[in-house]
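J.: Okay, here's the structure, questions in a sec.
Nothing in this text is a laboratory measurement; each read-out follows from the coordinates by a stated rule. Quick caveat: nothing in here was measured; it's all calculated off a predicted structure. All Cβ positions, even for glycine, are placed from backbone atoms using ideal geometry, and neighbour counts span all protein chains on display.
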Amino acid sequence: MLHSSKFIDEAKVYVKGGDGGNGCSAFRREKFIPRGGPSGGDGGRGGDVIFEASRHYNTLFHLRMNPEHTADRGRHGEGSNRTGRNGESLVVRVPVGTVVYHWDNGEQIHDFTHDGERFVVARGGRGGRGNQHFATPTHQAPTEKEDGQPGQMFTLRLEMKLLADVGLVGFPNAGKSTLISRLSAAKPEIAAYPFTTKEPVLGVVTMDEYGNETFIMADIPGLIEGASEGHGLGTTFLRHVERTRVLLHLIDLSEFNEHRPVEAYEIIQNELASYSGELVEKPQIVVATKADSAQDGTRWEELEAFCRERELPLYKISAITGEGLTELKAAAWAAVVEAREKMEAAEGEEDVEQRLGL
Ligand SMILES: Nc1nc2c(ncn2[C@@H]2O[C@H](COP(=O)(O)OP(=O)(O)OP(=O)(O)O)[C@@H](O)[C@H]2O)c(=O)[nH]1
Ligand SMILES: [Mg+2]
């Protein structure tokens, strides 16, 4: 349910607080006391389902994979006035930026804005009272007891705005849409003519099957020389990659190309720089594409020498044969993690400065 055009991630989630334990009906049985009083303990409370915002998640993917969350039930009461143990609460992590709505009526329940923020989405049920509470002067041997209350149960809709971590840039036909279609579930249009992609498309790249490690990739239209002056589709769509952490710069290695790889690289860098100094300064991974159809080895050699000199990370891939895709995915993930850590460290320093009143 990833609406790439709207850049909104959604998940339908079921939550249920733990049921309360039942109260107990029992009587004291002690040596030398023939008829003991009522001694049935109370049931324990059911646990709550609590959502906690975490900046370590940036999509709802893990919740789509695992949509049902039930907290622990309270234990039943026992004889000798023993109260049942309370059920443990269940903490479910959601990304910062998640907004929670009731599925049925669309009413907003909570908007998570900062890391560590908690909100109870389904309360556990109260435990039932044991028969110890029902004795009165005229009713000394009560057998009444209460059952525990059921925990609250809701179907929720979670929604969050996605921000891309990795942006794909390059000439039209460089293979950007093909790459995102190989690394994520996104299905953009792919064709052998320029400007196939006219609107940005987002894809979620998952590093493990549970979706605990994911990053978002943005495929955008191709750039050409003069794009910053409005040529081709212009550059306004670059705003979609302005807030990414890493750029993958795709360069077609095959010889049908009018530009040699190094020339292509420099033209695109110029356009990025004209758009924004910050954009061109972002960490970049150079990706040589269509390795399967590159006959002229000198194109690769030139690019390799160029990147080595500038200490630019370089990967060679083919979306057709799959060559290099695993390595590229791992490198992109490592760069995202590094950038996230840097950002967190910078935020940490800001916090310290604020606390010190700097
Ligand atoms: N042989 C070969 N062809 C590829 C490879 N990757 C992409 N292509 C082809 O290159 C053409 C362009 O691919 P796209 O993925 O649409 O390129 P793009 O960069 O998204 O292009 P725009 O959306 O126009 O900017 C298509 O015909 C693809 O099939 C590859 O690894 N090997
Ligand atoms: Mg495309």
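J.: Could you compute Rg(Cα) / (2.2 N^0.38 Å) for segment 85-188, with N its residue count? Provide the component values of the computation, followed by the final result.
T.: Working: Rg = 25.4 Å, N = 104, 2.2 N^0.38 = 12.8 Å.
That ratio works out to 1.98.
J.: Give me, ordered by chain and number, the residues 5 or more places off Asp252 or on other chains with an amide H under 5 Å from its own placed amide H.
T.: Thr289
J.: Could I ask something else about it? What list of whole percents do you get for P(r) of the chain, with Cα-Cα distances grouped in 20 Å bins up to the one holding the largest distance?
T.: With 20 Å bins starting at 0, P(r) equals 25, 39, 21, 11, 4, 0.
J.: I'd like the chymotrypsin sites (Phe, Trp or Tyr not before Pro) in segment 139-240 restricted to DSSP loop residues with at most 16 other Cβ atoms within 10 Å, sorted by number.
T.: Passing both the DSSP loop test and the Cβ count: Phe195, Tyr210.
J.: Continuing with this model, one more query. Report the antiparallel proportion of the DSSP beta bridges in the chain as a percent, rounded to a multiple of 5.
T.: The antiparallel fraction comes to roughly 55 percent.
J.: What distance in nm separates the simple spin-label points at Glu68 and Glu255, each placed 7 Å from Cα in the Cβ direction?
T.: 6.0
J.: Report Rg(Cα)/(2.2 N^0.38 Å) for segment 166-354, keeping two decimals.
T.: In units of the globular-protein estimate, segment 166-354 measures up at 1.02.
J.: Can I ask one more? Quick one: helix 261-275 against the long Cα principal axis of the chain, what's the angle to the nearest 10°, folded into 0 to 90?
T.: Orientation of helix 261-275: about 60 degrees from the principal axis.
J.: Calculate, for Arg239 and Ala334, the FRET efficiency according to 1/(1 + (r/R0)^6) with r their C-beta to C-beta distance and R0 41 Å; round to the nearest 0.05. All intermediate terms of the calculation are to be shown ahead of the outcome.
T.: Values: r = 26 Å, r/R0 = 0.63.
For Arg239 and Ala334, the calculated efficiency is 0.95.
J.: What are the equivalent ellipsoid semi-axes of segment 2-161, built from the alpha-carbon gyration tensor (square roots of five times its eigenvalues), in whole angstrom, biggest first? If you can, show how the numbers build up before the last one.
T.: Details: eigenvalues 400, 34, 21 Å².
One finds semi-axes of 45, 13, 10 Å for segment 2-161.
J.: So what are the ³J(HN,Hα) numbers for segment 125-138, from phi and the Karplus equation (6.51, -1.76, 1.60; θ = phi - 60°), rounded to whole Hz, Gly and Pro as x?
T.: x, 5, x, x, 7, x, 5, 4, 8, 9, 6, 10, x, 9
J.: First measure r as the distance between the Cβ atoms of Gln140 and Val120, then evaluate 1/(1 + (r/R0)^6) with R0 = 45 Å and state the FRET efficiency to the nearest 0.05. Can you show the working numbers first?
T.: On the way: r = 40 Å, r/R0 = 0.89.
Efficiency computed from Cβ-Cβ geometry: 0.65.
J.: Please compute the net charge surrounding Gly222, taking Lys and Arg as +1 and Asp and Glu as -1 over other residues with Cβ under 11 Å from its Cβ.
T.: Every neighbour counted, the sum reads -1.
J.: Right, something else. With θ taken as phi - 60° and the coefficients 6.51, -1.76 and 1.60, list the Karplus ³J(HN,Hα) couplings across segment 118-123 in order, rounded to whole Hz; mark glycine and proline as x.
T.: 10, 8, 7, 9, 8, 7
J.: Assuming R0 = 45 Å, what is the FRET efficiency of Glu301 and Leu163, from their Cβ-Cβ distance, to the nearest 0.05?
T.: Calculated value: 0.75.
J.: For the chain, with a Gaussian network of springs between Cα atoms less than 10 Å apart, report the residue from Ala141, Ala319, Ala288 with the top mean-square fluctuation.
T.: The residue that fluctuates most here is Ala141.
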